[in-house]
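Read through the structure below, which is laid out as structure tokens, and then see the notes.
Each value in this text was obtained by applying a stated rule to the coordinates, not by laboratory testing. These figures come from a predicted structure and were not determined experimentally. Counting neighbours? That spans all protein chains shown, and the Cβs are built from the backbone with ideal geometry, glycine included.
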Amino acid sequence: MPPELNKAHTAPDRAVMKLYGYSPRTTKAEIVADLMKRYQAWTERAAQLFVGDKSVRRKRRKRA
């Protein structure tokens, strides 16, 4: 990774580590794996909320 890009990622990486409670010894691979698990769980819950929920669907206009 170019030094400028690496420097640009430092602050967001630290913020994510602090937010999710990762230790400084946690590897990037472990962090990515954990974040993907969290994302999968979140999307599964979100999908369950909208399956069969008619209030989310748009109503069709009647043609004149």
Could you tell me whether V32 is in contact (Cβ under 8 Å) with a residue 12 or more places away in the chain, among the β-branched types (V, I, T), assigned to a helix (DSSP H, G or I) and out of contact with any Pro (no Cβ under 9 Å at 6 or more places or on another chain)? no
Restricting the search to the range 11-21, which residues are surrounded by 10 or more Cβ atoms within 10 Å (Cβ to Cβ) and either touching a residue at least 12 places away in the same chain (Cβ under 8 Å) or over 20 Å from Y39 (Cα atoms) (or both)? V16, M17, Y20
